[in-house]
Amino acid sequence: MPIVIKAQGNESSFDVIKKFKKAVMASNIVQIAKDRAVYQKPSQVRAVKKIAKNRLQKRARKLKRMKNISPVVLQKIADRLSQ
């Protein structure tokens, strides 16, 4: 998906570049390129995902023990775990 940024009449080139950088960061293109720069075996990819899932589960357990934690936060973590 191409990123198109059009300059308004009164915007400087620096403003347009700033908008472009924000759009690139929001679309996560840089991280995808870095991930693809070096090949990872499928077993390595699975291992990284498993470690991330375990870390998230541990965080969820700690948050459940704490008081005054919003149920919205716990729901967001549960949603990330179900993906």
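Numerical summary
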item	result
Positions within the stretch 22-54 being of a type in the set (A, V, I, L, M), over 19 Å from GLN83 (Cβ atoms) and open to solvent by less than 70 Å² (accessible area, probe 1.4 Å), in sequence order	ALA23, VAL24, VAL30, ALA33
Candidate set from the stretch 55-69 (those that are assigned to a helix (DSSP H, G or I) and free of Cβ contacts under 8 Å to residues at least 12 places away in the same chain); member that is most open to solvent (accessible area, probe 1.4 Å)	ARG65
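The values are calculated or read from the model by the stated rules, or taken from the named source; none is laboratory data. From a predicted model like this one, the values you see are computed outputs, not experimental measurements. Quick reminder, even Gly has a Cβ in these numbers, built from the backbone with ideal geometry, and neighbours come from all protein chains shown. SASA here: full protein model, heavy atoms, side chains in, ligands and nucleic acids out. Shrake-Rupley method; radii C 1.70, N 1.55, O 1.52, S 1.80 Å.
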